[in-house]
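First the structure, in the form of structure tokens, and then the observations on it.
The values are calculated or read from the model by the stated rules, or taken from the named source; none is laboratory data. Note that the structure is predicted; figures quoted are calculated from it, not measured. In this analysis, Cβ positions are derived from the backbone assuming ideal geometry, glycine residues included, and neighbour counts consider all displayed protein chains.
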Amino acid sequence: MVKVLIVDDSVFMRTVIRDMVTKDPAIEVVGTASNGLDALERIESLHPDLVTLDIEMPKMNGIQVLEELRKSKKRPKILMLSSLTSKDAEMTYQAIRLGADDFMLKPKDIPHVREIEAELVSKIKHLVTLIPSPIPRKTPVSTGSAERVVLIGSSAGGPPMLDTLLAALPSDLPAGVMVTQHMPVGFTAALAERFNRIASMPVKETENGDLIETGKILISKAGVHTVISGVMEANQPMTGRIVHSNSPTLHGVRPAVDKTFESAAHVYRKNIVSVILSGMGNDAGAGARAIKDAGGVSLICDEKDCLVYGMARSAIQHNAVDKVLPLSKLAKEIERVVHQMEDSHV
């Protein structure tokens, strides 16, 4: 049984969160608190396994709670619940740096709050079993500009799957890794910071002009499309450089996985393996097709491991899938495919 403490200054949110999570028989709400001071007292007395923590609260906000908890030798897992504002994005990033274990975005509109139920329950159960102790980072087998690339696309339900996948990829994988996760503007910096604690390779949010490098993971910055442009240096094979594009949304999102996949196919051709995880909508199908047509390999996660199967199903509909695998086997298959790729001037 997972013991949860709910901390939010809104009576409505405390009630709805309790109602949503207690539908799962494996979760018990042991208490609630309306501000940070009450939260610290209840953490001390109730010993919850996990705390859902609001950011903006009277008396003591969520950031101040985290600062106090840093003084404690033992603390529960912390799941930040963030509103979709630029201020909350900055504070969420700060919260992750202060040790929060994960974050989740609250819908703007009250009628849509219950839509996060499945993802909230999934995150809670995932976090209490997650041990963020990655394999010690080794020096990649080769460094510098990547000749091979692993492209990962995901949306709703994707972050917990990315935890598992990025932690399982070996630190000496001879490829660069590019993750495009649908997320509101401002929050991908916090996501990259969080993955950096879990993955076996260093992780950062993309900046315009970044090179794709072997042994490093890039997270597409929210609010812009991540386009991969070819770079040719003297006596060097073609590699990829990140170009941020403000072109219109595609499938209603920006960044769109299709934009990244399709542009990468022109640069890396057969030296790509793409992976599609959980996600709603049709993004990624056309991109996976472009990768297949260029000679690359396209993998999707098994439906039973996905919260939503729209993106992976789109790849199936585009006849662009080489293998369907459970999440637990994706990292090994990525490693196998990457090692089969030829070092060549693509």
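Table for the structure above
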{"item": "So A189, is it touching a residue at least 40 places away in the same chain (Cβ under 8 Å) and assigned to a helix (DSSP H, G or I)", "result": "yes"}
{"item": "N196 being assigned to a helix (DSSP H, G or I) and either of a type outside the set (A, V, I, L, M) or at pLDDT below 95 (or both)", "result": "yes"}
{"item": "Residue match in the stretch 56-71 (condition: of a type in the set (A, V, I, L, M) and outside any helix (DSSP H, G or I))", "result": "yes"}
{"item": "Conditions (1) in a helix (DSSP H, G or I); (2) surrounded by fewer than 22 Cβ atoms within 10 Å (Cβ to Cβ): number failed by D88", "result": "(2)"}
{"item": "Boolean, V273 is farther than 21 Å from A175 by Cα, under 20 Å from the mean Cα position of the chain (by Cα) and among the β-branched types (V, I, T)", "result": "no"}
{"item": "Residue in the stretch 60-79 that is on the phi < 0 side of the Ramachandran plot, outside the structural domain of E193 (by TED's automatic domain parsing) and under 16 Å from the mean Cα position of the chain (by Cα) present", "result": "yes"}
{"item": "Residue ID - surrounded by the most Cβ atoms within 10 Å (Cβ to Cβ), chosen from residues in the stretch 1-21 that are without any contact (Cβ under 8 Å) to a residue 40 or more places away in the chain and over 18 Å from S83 (Cβ atoms)", "result": "R18"}
{"item": "Residue tally, condition touching a strand residue (DSSP E or B) at 6+ places or on another chain (Cβ under 6 Å) and of a type outside the set (S, T, N, Q), over the stretch 262-282", "result": "9"}
{"item": "Counted residues, the stretch 26-38 - those being free of Cβ contacts under 8 Å to residues at least 60 places away in the same chain and either within 16 Å of E119 (Cα to Cα) or among the hydroxyl-bearing types (S, T, Y) (or both)", "result": "2"}
{"item": "Some residue of the stretch 142-149 being modelled with pLDDT of 95 or more, in a helix (DSSP H, G or I) and of a type in the set (A, V, I, L, M, F, W, C)", "result": "no"}
{"item": "Criterion violated by D24 - all others in (1) within 23 Å of F187 (Cβ to Cβ); (2) surrounded by fewer than 23 Cβ atoms within 10 Å (Cβ to Cβ); (3) out of contact with any strand residue (DSSP E or B) (no Cβ under 7 Å at 6 or more places or on another chain); (4) modelled with pLDDT of 95 or more satisfied", "result": "(1)"}
{"item": "Qualifying residues in the stretch 199-209 (those that are surrounded by fewer than 20 Cβ atoms within 10 Å (Cβ to Cβ) and touching a residue at least 24 places away in the same chain (Cβ under 8 Å)) - the one farthest from S82 (Cα to Cα)", "result": "G209"}
{"item": "A288 being part of a loop (DSSP other than H, G, I, E, B) and closer than 26 Å to H225 by Cα", "result": "no"}
